[in-house]
Protein chains: 2
Amino acid sequence: MKTFKINENIKKYRFGNPFETYSVVLEGIPMHQDDMDRLIIGEGDLLSIKYEMGKEDIIWGLGENQRGMNKRGGLFESYCADDPRHTPDKKSLYGAHNFIIIDSQKPFGLYIDFPGKIIFDIGFTHKDILQIEMEGKDADIYIIEGSGLREISRAFLKLIGESYVPPKWAFGYQQSRWSYPDEKAVEELADAFDQYDIPCDAIYLDIDYMENFKDFTIDADKFPNFKHFVQKLRKKGFRLVPIIDAGVKIEAGYEIYEEGVKKEYFCVDEEDNPFVAAVWPGRVHFPDFLNPAARKWFGLQYKILTDCGIEGFWNDMNEPAIFYTERGLQQALEQAKLSENQNLDIYSFFALKDAFIHLSNHPLDYQSFYHKVDGKRINHHQVHNLYGYNMTKAAAEGLKEIAPHKRFLLFSRASYIGMHRYGGIWTGDNHSWWEHILLNLKMLPALNLCGFLYIGADTGGFSGDTNAQMLIRWMQLSLFTPLFRNHSAMGTRRQEPFAFDEESMETMRKIIQLRYALIPYIYGEYMKAARHKDLYFTALAFEYEDEFSRRVEDQLLVGESIMIAPLYQENAIGRYIWLPEDMLQWHFDRQGAEQYEMKHRGHHYIEADLKEIPIFIRKNKILVMGSHGKNIDALDHTQLRCIGFVEDQASYCYYDDDGETDEYKSGIYDEIRINIKKKHDDYDIHIEKKGNPRVEKILLDIVDQQGRIVEKNVILM
Amino acid sequence: MKTFKINENIKKYRFGNPFETYSVVLEGIPMHQDDMDRLIIGEGDLLSIKYEMGKEDIIWGLGENQRGMNKRGGLFESYCADDPRHTPDKKSLYGAHNFIIIDSQKPFGLYIDFPGKIIFDIGFTHKDILQIEMEGKDADIYIIEGSGLREISRAFLKLIGESYVPPKWAFGYQQSRWSYPDEKAVEELADAFDQYDIPCDAIYLDIDYMENFKDFTIDADKFPNFKHFVQKLRKKGFRLVPIIDAGVKIEAGYEIYEEGVKKEYFCVDEEDNPFVAAVWPGRVHFPDFLNPAARKWFGLQYKILTDCGIEGFWNDMNEPAIFYTERGLQQALEQAKLSENQNLDIYSFFALKDAFIHLSNHPLDYQSFYHKVDGKRINHHQVHNLYGYNMTKAAAEGLKEIAPHKRFLLFSRASYIGMHRYGGIWTGDNHSWWEHILLNLKMLPALNLCGFLYIGADTGGFSGDTNAQMLIRWMQLSLFTPLFRNHSAMGTRRQEPFAFDEESMETMRKIIQLRYALIPYIYGEYMKAARHKDLYFTALAFEYEDEFSRRVEDQLLVGESIMIAPLYQENAIGRYIWLPEDMLQWHFDRQGAEQYEMKHRGHHYIEADLKEIPIFIRKNKILVMGSHGKNIDALDHTQLRCIGFVEDQASYCYYDDDGETDEYKSGIYDEIRINIKKKHDDYDIHIEKKGNPRVEKILLDIVDQQGRIVEKNVILM
C-alpha cells in the first residue's frame, strides 16, 4: 500500500497497480505511510474493507441503487447491469457509484476507484458490519474527511471534478416513448403539445428511427428528409433527441461496421477476432471505448446527426447489454435438443428453462471479451464498469471537437464516477409502480453525492401501465429534476399528458407550466451546484443536524431555498412531513395572501389533493421564478418574481448565462444578488448586478414569520 | 335477469344460468324484478358492470391483491395465479375474492359469484369509472346494503357463512422452510427452539418429505419411521405440518394414481384421457375436485397422514400451478429446433426466449382440460377459480369424516370465497422485500372482508434474502395474524429466529413470547369474529368516520380493543400515526407505570426502535392476556391479566374453549364478562362467568384518561 495526500481533506491509499479510470481529477503527493486506522483492510487476491458500524451510524451514497437513502441493511453489487425489473432486492442497476459517507460520530467519505465488481455488504449479513469486497487486488481507496456531511461531499466533488452542464433547453419538459417511429408520429405529437397548450422542448427518437437499429443511420422510409424534418420541428419549437446504442451492427456495407473492423476499433474475443454479441440490431460488435483511438472515431460519428441539426443524444445499452451470444444460444439450443422426447424430471426441466431465461447479460459473456489499452489486452469483466462511462466520454469528446464551445444534451444509461464530467444519466428502465416514485426520490441526493447532477427518471414509469394519478404524482417530483422526461415502453399504455381525461391533463399542464416558471431557480441552482462543486438535491441530514432530519427519506432540499415533500402513495390526499425549522409553504396554484402558509418546526400532516404540490421555502431564503412559456427559448427573462421568507435577513444570488455555450467558464454570465435585511418593521432591500442580466423588473414579496405578506416590492433594474 | 331477496340487506340478481359455486349459504326468494339502479349492467356474451365513482369514493375489498386497501386506481384480474413475483403491477395473485364495498355517500357491497375470469378496472382506465367484466354471461350478482361499512361487511359474512376455525395450537408460532428435509433436520430445529428458549408449536414439512413428491407418501430414507417420529416430536412439544400438492404423480404402482385413473377421478383432456401436466413430481394428473366422488376419495387420503398423528396440512399448487405441458414444451422445443444455425434477428430471438419463459401457467393449458360435474364436461378455464377451493373442501370434508369433531389445521394457497368455511390461506410466495410487509398489512382487512379469518404471510419473506431487521419488523406485524409462520425458499438465507446475531434473536424471542402472552386476546377475538360472522382485522374506516381514518392504510384495528401501527421501512426508528380518538399506547416491554403512555386524538410521530412494537388500547376497551409458555399447550390458563383504558365504562368478553373440537358450536365454551364503570373517583368492577373458565385470578390495571394507573385489582374467581 502506498499513501498519497491529495489535500487537507483527502488521502489516497493505493493497493497494487490499479487500472487508470480517470475518475478523479486531483493528483496527490506521496506521503509517509498512513495506517488507515478507520478501516480494517484485508489484502490478498481480493482486497476487502471492514468497518464496525455504531448503532446510530448511517451510510449515505452508492448513487443509483435500491433501498433507502440510508443504505444500511442492504447488499449491493457494483457491476453495471441492464436489468429491466428494478425489484427491491436487485443488487445492481445501471451505474457503478462506489462512493459512500459513513455518518458516524466522526463522519468520513470512502471512495473506491476500482472498475471491476465490488460487493458492499452494509449490515446485511451482520447488522453492524460494513464489509466491502473487490474482485481484484488493485485499487485506489480514498478517505475523505470533513467537519460534516456537506463538507465531505464538497471535498469529494472537488476530487472528481466539475459536473457536466447541458444546454438550458434541456431543462424544459421532454416527451419520449419507445417509439415515435416516423415523421408523422413525431409531428402529430408536437402539434398535440401546441394544441393542448402544454410546454415542451424536446421529443425523443427511440431505436426505431434508425435503419435496422444501426447507429448513426436514419430509416429513410420513416424520415425521408431527416435534416429538413429536424429543422421543421425546430421551427415549431421542438428539438429531437435520438438514441445511440453501444453495439455496432455487423452488416456488410455498413460503413461504421466496416471501418471499425478494419481499424481494429472493436473489442475482441479470445482469438483476437471482433467479439460478437446480439442486441437490438441482432449481431453486433462492441466499440472498444477504452481505446482512445476508437473513442475518438466513435465520438466523431455523432457529426452525422449534428450535421442534421441534432443537439442532444442519449446513449443506451452501454453496460453493455447483451441479449445473447452464440455461446449461450448454442448451449441453450443444445439443452433443448437433449430434451426432445425425454420424460423431463423437474430438475432437467428447470435447467432447460433457465438456459433460455439466463441468456442475457451472462457473466461468462462478460468474461469472454477484451479491450486493448496501451497495447495490453484487458479482460472486459475486470473493467466492466467503465464501458458506458467511456462511450459517453467518446460522445462528449467528439461533440467538443465538432462544436468546441457548444453545449449538447448528453446522457447515458450506464455510468461510473468520472462520467459525470461528460454527461448526465437517466435511471433506466423503471416501472409504472408507485414504489418507483419513492425510489426515484431516494436516488436523487445519492446521485448528486456521486457527481451526477443532470439526472432524472422515466416519469410515469417505463415498463407497465401507469394511470393518470400516478403520472401526476410522479410529475410533481420530476418537475424538480434537471432531466424532466416522460418515457414509456412499447406495448404499454400511452402516457403523454393528454393521454388521459381532461381534468388530469389540466393538472399536468399546470405542473409543466410550473416547471417552466421555476426555470430561473432550477437552472440557476443547477449551474451554481456545477460551478461550485456542490449538491443540487440534498437529504435533510446534510443541512440539519437534528435526529429527525437524519432519518427523513422522503423529503428533499432542492437548491438552497426550498424543500419538497412529494406524494407517492396511490389515493393519498395528504402526507406527513418533518420541518426542521419554520418554513413557508407556498401554494403555487393560489393567488395573493392565499399562496402562503406558515408552518412551524415540527411534525405535520399536510393536505395535498392531486392539484397540490408541497413546496416549502426555507427560513431566510428567497425563491426566484419567472413565468411559463411554450418552451425554454420562449421564456420571458425581463421579469423576475421573488418570494423572500424573511425572519431577519435573506440573500439570494440569481444566476443566468447564454444557456448554449461554455462561455460561463470564462466568467461570462449574469448574476443578481438580492439582499433583504429586516430593520425594525421595515426591510432594507439591496440589489447587486454582475454581467448584463436581461431582468428589467423584480417583483418581490416579502413574507414574515407569521406568513403575512409584509411588503410587495417592484424593483426596476 | 331474475331477482331474489336474500334478506333485508341483500338482493341477488341472477344472469343466465350460473355454475353452482356453493360460495353462499343463504338462499333467497324470487321477487319482483328490481332494476338494480345502482349499477349499469351490460348484457350480451360478456356480462359487465359499470359504476361512476364520486371523487371521494373508496373501493374496499378484493381480498388477496396488490395495491392499497383502497383499490381505486388499479386493474385487477380475478384468476387464481401461481406467480412468484408479487410486483406492484400483478393483476392476480393466488386467490379470487370478488367482493368489494363501494364506499360512496350511500355505501353498498357488491359480490360477483362467477368462477371464471373477471376484470376489475377500478378507475385505472378512467379515474372515475369502475368497470367490471366477466368472461361469460352466467353469474349471480349480490348487492349488499347496510347503514355503514361494518354493517355491510357483517351482512356479507352472513351470506357466505361461518369461517373455518383451526385448533388453538395453530395460533402458536410456526416455523417452516423449503425444506427441513429429514428427521435429523427437523429434530435439530426443534431442539434449537428449546435451546434458545423460543416458543414454537409447529414445524413444517415442505415437498421434500415425500417420496418423489407423491402426495400422501413419506420418503423412507429421510423419515424411516414417520409415525414414531411424529410422536417423538409431539412429545417434545412440536406438531409437524406436511404439505399436500394438487397434482398426483403419474407412476405405475403408485396406488393413488392408479385408483384415480381407474375410477376416473382426474380431470380429462379433449380426448377424455386424464389430462397431463408437469409440476414438482414431473408429470401429474389433476384430481377433479369439482366431482364429489373424486373430492371424497382425495379427502380420505389424508387419513394416511392423520393415522401417523398429523393434525395439520397446507394445500399447495392448487391454482392449479402448471410448470409445463407437453403442448407447450413441444412448441418451445420446436421453436428451438427451427432456431438452430439461423442468424436470429431480434424478433425471432425474443420469440424463442418467450416460448420457454411462458411455459408455466399458460392460458392455453387451462383451456385444454375438463371437469365432469353432474355428468357434464366443463372446461377448466370457466371454473378455474374453484379448483383450490374444492381441493381444500375435499380435505376438510375428508378430515371431518376421519375425525368428526376434531379441529385440524388446514390452509390453502389458491382460494375462492366459500373456501373460507373449510380452511385458511397463506398469501403465497412473497419476497423478502420491505414493501411486502406493507402489502401483507393491507391485505389482512381485505381478506377478512371476503370471509378469510385464518390468514398470514410468509413472515420474513419466501423468496430472496431477508436481514435481521426486516424479519423483526415483519414479526411485529405477524404477531397479530392468526397464522404466524416464518417460511422461506430453498436457496435463500436461513431465517429462523436464531439464524442472525444474539441481539436480534433476543428481540425476536420477545416478539414471539408476546404472541403467546396475547393468546387469550388473539384466540378469543378470532373465535368471536368467526362465531358472530364479524371482522378480526379492520381498516380504521370501518370503526371511525372521520376523513383521516378513511384514508389510513398502514394501521389496523385488531379485534375490538387494540390498534396496531407496524413499522415497515428499513432503518426507521419511528413512524407517523393517526389516532381517531384518545388511545393508550402500551409498551409491552416496560414495567409498571412506564408501560402506559396516553396519546390524544390527532397525528403523532411515535418513536419505535427495533425493540418497540406500537400497540394502542382503544378508549373504553380492555386488553386481556396471559403469560407466555413453551407452546400453546403449555400456557397457564389460571391467571388473566387485563388492562382497561377507561374513560367512563368498558366491558370485555373473554372467550375460551377446548381449542380442539367443534363443541363450541354446541354452546360448550367459557366466557368471562368484565364490566368496568367509573363512578366519581372510583370504578365498579363486575364479573360474569359462563361455562367453566379455567381462570382463577384476574389482575386488572385500570388506566385513566391521563394514562395513570388508577387501580390495580386482583380478582379471585
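The values are calculated or read from the model by the stated rules, or taken from the named source; none is laboratory data. Treat the numbers as computed from the prediction; the structure is a model and nothing was measured. With ideal geometry, Cβ positions are generated from the backbone for all residues, glycine too; neighbour counts draw on all protein chains shown.
Table for the structure above
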item: Boolean, B:Glu270 is part of a loop (DSSP other than H, G, I, E, B) and surrounded by 15 or more Cβ atoms within 10 Å (Cβ to Cβ); result: no
item: Among the candidates A:Met470, A:Met475, A:Met505, residue that is more than 14 Å from the chain's Cα centre (by Cα) and within 25 Å of A:Val165 (Cβ to Cβ); result: A:Met475
item: Given (1) within 14 Å of another protein chain (Cβ to nearest Cβ); (2) of a type outside the set (D, E, K, R); (3) surrounded by 22 or more Cβ atoms within 10 Å (Cβ to Cβ); (4) over 25 Å from B:His436 (Cα atoms), index of the condition B:Val624 fails; result: (1)
item: Single residue of region A:555-574 satisfying the filter (facing another protein chain (nearest Cβ under 9 Å) and in contact with a strand residue (DSSP E or B) (Cβ under 9 Å, 6 or more places away or on another chain)) that is surrounded by the fewest Cβ atoms within 10 Å (Cβ to Cβ); result: A:Ile573
item: Residue in region B:360-368 that is assigned to a loop (DSSP other than H, G, I, E, B), of a type outside the set (A, V, I, L, M) and facing chain A (nearest Cβ under 9 Å) present; result: yes
item: Long-range neighbours under 9 Å by Cβ, at least six apart or interchain, first residue more than 10 Å from chain A (Cβ to nearest Cβ) and farther than 26 Å from A:Ile122 by Cβ within region B:462-488, second β-branched (Val, Ile, Thr) and in a loop (DSSP other than H, G, I, E, B); result: B:Leu479/B:Ile613
item: Residues located in region B:219-263, provided they are of a type in the set (A, V, I, L, M) and touching a residue at least 40 places away in the same chain (Cβ under 8 Å); result: B:Val230, B:Leu233, B:Leu240, B:Val241, B:Ile243, B:Ile244, B:Ala246, B:Ile256
item: Strands (runs of 3 or more DSSP E) wholly inside region B:106-220 containing at least 1 residues that are within 14 Å of chain A (Cβ to nearest Cβ); result: B:118-122, B:129-134
item: From the options A:Gly460, A:Gly428, residue that is touching a Leu at 6+ places or on another chain (Cβ under 9 Å), of a type in the set (Gly, Ala, Ser) and surrounded by 24 or more Cβ atoms within 10 Å (Cβ to Cβ); result: A:Gly460
item: Which numbered condition B:Lys611 misses (of (1) in a loop (DSSP other than H, G, I, E, B); (2) in contact with a Ser or Thr (Cβ under 6 Å, 6 or more places away or on another chain); (3) free of Cβ contacts under 8 Å to residues at least 40 places away in the same chain); result: (3)
item: Near pairs, Cβ below 9 angstrom, 6+ apart or cross-chain, from region B:665-686 (assigned to a loop (DSSP other than H, G, I, E, B)) to any residue that is modelled with pLDDT under 95; result: B:Asp681/B:Val710
item: Selection within region B:77-127 - crowded, with 19+ Cβ neighbours inside 10 Å, farther than 26 Å from B:Ala541 by Cα and out of contact with any Lys or Arg (no Cβ under 9 Å at 6 or more places or on another chain); result: B:His86, B:Phe114, B:Pro115, B:Gly116, B:Lys117, B:Ile118
item: Neighbours by Cβ (under 6 Å, 6+ apart or cross-chain): first from region B:500-523, within 12 Å of chain A (Cβ to nearest Cβ); second buried (at least 22 other Cβ atoms within 10 Å of the Cβ); result: B:Phe500/B:Ala468; B:Ser504/B:Ala468; B:Met505/B:Pro497; B:Thr507/B:Ile472
item: Breaking point among (1) at pLDDT 95 or above; (2) within 25 Å of A:Ser478 (Cβ to Cβ), for A:Asn212; result: (2)
item: Test: residue in region B:577-589 that is in contact with a helix residue (DSSP H, G or I) (Cβ under 6 Å, 6 or more places away or on another chain) and within 12 Å of chain A (Cβ to nearest Cβ); result: yes
item: Within region A:71-83, tally of residues that are within 14 Å of chain B (Cβ to nearest Cβ) and either in contact with a Ser or Thr (Cβ under 6 Å, 6 or more places away or on another chain) or of a type in the set (A, V, I, L, M, F, W, C) (or both); result: 3
item: Candidate set from region B:9-55 (those that are free of Cβ contacts under 8 Å to residues at least 24 places away in the same chain and in a loop (DSSP other than H, G, I, E, B)); member that is nearest to A:Glu503 (Cα to Cα); result: B:Asp37
item: The lone exception for A:Gly602 - which of (1) surrounded by 19 or more Cβ atoms within 10 Å (Cβ to Cβ); (2) within 14 Å of another protein chain (Cβ to nearest Cβ) it fails; result: (1)
item: Residue list for region B:692-702, filter: in a loop (DSSP other than H, G, I, E, B) and surrounded by fewer than 15 Cβ atoms within 10 Å (Cβ to Cβ); result: B:Asn692, B:Arg694, B:Glu696
item: Whichever residue in region B:274-290 is within 14 Å of chain A (Cβ to nearest Cβ) and not in a strand (DSSP E or B) and, among such residues, is modelled with the highest pLDDT; result: B:Val276
item: Test for A:Gly68: is it within 14 Å of chain B (Cβ to nearest Cβ), in a loop (DSSP other than H, G, I, E, B) and among the small types (Gly, Ala, Ser); result: yes
item: Total residues in region A:293-348, condition closer than 22 Å to A:Tyr387 by Cβ, touching a helix residue (DSSP H, G or I) at 6+ places or on another chain (Cβ under 9 Å), within 14 Å of chain B (Cβ to nearest Cβ) and surrounded by fewer than 16 Cβ atoms within 10 Å (Cβ to Cβ); result: 0
item: Flag if B:Asn318 is of a type outside the set (Ser, Thr, Tyr) and in contact (Cβ under 8 Å) with a residue 12 or more places away in the chain; result: yes
item: Cross-chain or 6+ apart pairs with Cβ under 8 Å, region B:696-717 first and over 16 Å from B:Lys619 (Cα atoms) and of a type outside the set (D, E, K, R), then part of a loop (DSSP other than H, G, I, E, B) and at pLDDT 95 or above; result: B:Leu716/B:Glu696; B:Met717/B:Pro693; B:Met717/B:Val695; B:Met717/B:Glu696
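One line per residue, one yes/no per condition, for (1) on the phi > 0 side of the Ramachandran plot; (2) among the aromatic types (Phe, Trp, Tyr); (3) over 25 Å from the mean Cα position of the chain (by Cα):
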residue: A:Lys117; (1), (2), (3): no, no, no
residue: A:Glu135; (1), (2), (3): no, no, yes
residue: A:Tyr142; (1), (2), (3): no, yes, no
residue: A:Glu145; (1), (2), (3): no, no, yes
residue: A:Leu159; (1), (2), (3): no, no, no
residue: A:Glu162; (1), (2), (3): no, no, no
residue: A:Pro181; (1), (2), (3): no, no, yes
residue: A:Val186; (1), (2), (3): no, no, yes
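To keep it simple, each residue is scored yes or no on (1) under 21 Å from B:Gln476 (Cα atoms); (2) in contact with a strand residue (DSSP E or B) (Cβ under 6 Å, 6 or more places away or on another chain); (3) surrounded by fewer than 15 Cβ atoms within 10 Å (Cβ to Cβ).
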| site | (1), (2), (3) |
| --- | --- |
| B:Tyr596 | yes, yes, no |
| B:Asp636 | no, no, yes |
| B:Tyr655 | no, yes, no |
| B:Asp662 | no, no, no |
| B:Arg673 | no, yes, yes |
